[in-house]
Amino acid sequence: MNFINSREFARALDANDALAHYKSEFIFPKIKGKNAIYFTGNSLGLQPRSAGKYVDDIMEDWANLAVEGHFQAEKPWWDYHERFSKKLGKLVGAKPEEITVMNTLTVNLHLLMVSFYNPEEKRYKIICEEKAFPSDQYMIASQVKFHGYDPADAVVEVKKRPGEHHFRTEDILKKIEEVGEECALVLIGGVNYYSGQVMDMKTITKAGHAVGAKVGWDLAHAAGNIELELHDWDVDFAAWCSYKYMNSGPGNASGCYIHEKYHGRTDIPRFEGWWGHNKERRFLMEPHFQPEPNAHAWQISNAPVLALAPYLASVEMFDEVGMPALIKKRDLIVAYLEFILHEIDREVKGNFEIITPPKQEDRGTQLSVFLHGEGKELFKYLMENGVITDWREPNVIRLAPAPFYCSFEDMFEFGQILKRGILE
Ligand SMILES: *Cc1c(COP(=O)(O)O)cnc(C)c1O
């Protein structure tokens, strides 16, 4: 498509957008009395209007039914978490049995590493990407230390080549082969949080398995953003937070995927609790743990239903729309934003560098822009003038036009504000 940097053109794209009406299903922060242009759905998604009702329903059931709400609530609390499995499974390409929702992301990755990182004398190393999200770095280092290893030896980072912004799949594969039978686990972010690069999860998973390692993915920036086929890719395990693209609310629960080949097994190490026990016998209070025959076996505690409620509201919206429609709009709006960035760059004789991969198949919703020569003042200017972006040192802004609630006119408007911010 030949794009034009004009309000009329942007409005025409909006008029053609089958998802345009979803914008009004979300609540926007206001800046100077106007709805903000929101680019930080990759950090904290906006609140769906339906979320409040899901929370209120639980508050009401609690008031009216108290303890009876566990079984008598309209959506009973004792198996509330099971309501996610089918819909989330569809969103991430997994069978319903392979999905559960619990805790928060880093906690879940720790729990999954209890099951899937079992170092032995020779095979004890973990491969991850350099400059992984800090929580992942701390988590991986603390796991290897817990097992008595030195992170300097047991954690192997794949590096980008000097002067390049992306990881090359061939370099990851080479590293996996190099570490070979010493590799216990490959654990990488499926979409890089800094650059927005989408990893070739299928190929990397296969390569990890070829050397006998387990392969897990941190899908914090992938869930609700890109197409995933976790089951078909034979991924061992994965987890994601739900408050980024999935719009579930601050600090909210994490989704987990565990391949079905590990279900029902009692020989897998796992930290266990009563919510993972055979559902039908959970309240008989028996002494020995019998795992649920699915991913729910990894549950530990009572489900935090008040937190899960807005997540469920959001998952139902995702289910209604489906990833293919979101991805279709995503690719168009990201391409339009990219075009506008290049246009403004040309007009102001700037020096922007988009460090997100240029090919559609290597990126999702996020464009990370290196603003050579522009400082943090520009970021502040954008914020004061109605555009919420995200700043990363040294001078990168990350722009994620979430297809659910960003419009093409937002992209045009952003370009105009950006231009004024640079020229003023
Ligand atoms: C956002 C993010 C996290 C956050 O972890 P929490 O446990 O939810 O605080 C972890 N890892 C990655 C890659 C992230 O992008």
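Would you please list the contacts, defined by Cβ atoms under 6 Å and residues six or more apart or on different chains, that run from a residue in segment 316-344 that is farther than 15 Å from Gly224 by Cα to a residue that is in a helix (DSSP H, G or I)?
Tyr336/Phe408; Tyr336/Met411; Leu337/Met411; Ile340/Met411; Ile340/Gly415; Ile344/Gly415; Ile344/Leu418; Ile344/Lys419
Out of the residues in segment 99-111 that are surrounded by fewer than 23 Cβ atoms within 10 Å (Cβ to Cβ) and in contact with a strand residue (DSSP E or B) (Cβ under 8 Å, 6 or more places away or on another chain), which is nearest to Val211 (Cα to Cα)?
So the residue we want is Val107.
Consider segment 244-264. How many of its residues are away from the ligand (no atom under 16 Å from the Cβ) and in contact (Cβ under 8 Å) with a residue 24 or more places away in the chain?
Counting residues in segment 244-264 that are away from the ligand (no atom under 16 Å from the Cβ) and in contact (Cβ under 8 Å) with a residue 24 or more places away in the chain gives 6.
List, please: which pairs have Cβ atoms under 8 Å, are six or more places apart or on different chains, and start with a residue in segment 221-243 that is over 21 Å from Leu308 (Cβ atoms) and assigned to a loop (DSSP other than H, G, I, E, B) and end with one that is near the ligand (Cβ under 9 Å from one of its atoms) and of a type in the set (Ser, Thr, Tyr)?
These pairs meet every condition: His221/Tyr193.
Residue check: is Ala12 part of a helix (DSSP H, G or I) and either in the same structural domain as Leu326 (by TED's automatic domain parsing) or surrounded by 13 or more Cβ atoms within 10 Å (Cβ to Cβ) (or both)?
Here the answer is yes, as Ala12 does meet what is asked.
Looking at Ile127, Ile99 in this structure, which one is modelled with pLDDT of 95 or more, outside the structural domain of Phe370 (by TED's automatic domain parsing), β-branched (Val, Ile, Thr) and within 16 Å of the ligand (Cβ to nearest atom)?
Matching residue, one of Ile127, Ile99: Ile127.
With in contact with a Pro (Cβ under 9 Å, 6 or more places away or on another chain), assigned by TED's automatic domain parsing to the domain that holds Phe39 and closer than 26 Å to Met323 by Cα as the only criterion, which of Ile355, Ile388 stands out?
From the options Ile355, Ile388, the qualifying one is Ile388.
Select from segment 216-234 the residues that are crowded, with 24+ Cβ neighbours inside 10 Å, within 16 Å of the ligand (Cβ to nearest atom) and over 15 Å from Leu105 (Cβ atoms) and list them in ascending order.
Leu228
Just give me the residues in segment 106-124 being free of Cβ contacts under 8 Å to residues at least 60 places away in the same chain and either more than 16 Å from the ligand (Cβ to nearest atom) or within 21 Å of Glu177 (Cα to Cα) (or both), in sequence order.
Once the filter is applied, which keeps residues that are free of Cβ contacts under 8 Å to residues at least 60 places away in the same chain and either more than 16 Å from the ligand (Cβ to nearest atom) or within 21 Å of Glu177 (Cα to Cα) (or both), segment 106-124 yields only Glu121.
The values are calculated or read from the model by the stated rules, or taken from the named source; none is laboratory data. All values derive from a computational prediction rather than experimental measurement. Counting neighbours? That spans all protein chains shown, and the Cβs are built from the backbone with ideal geometry, glycine included.
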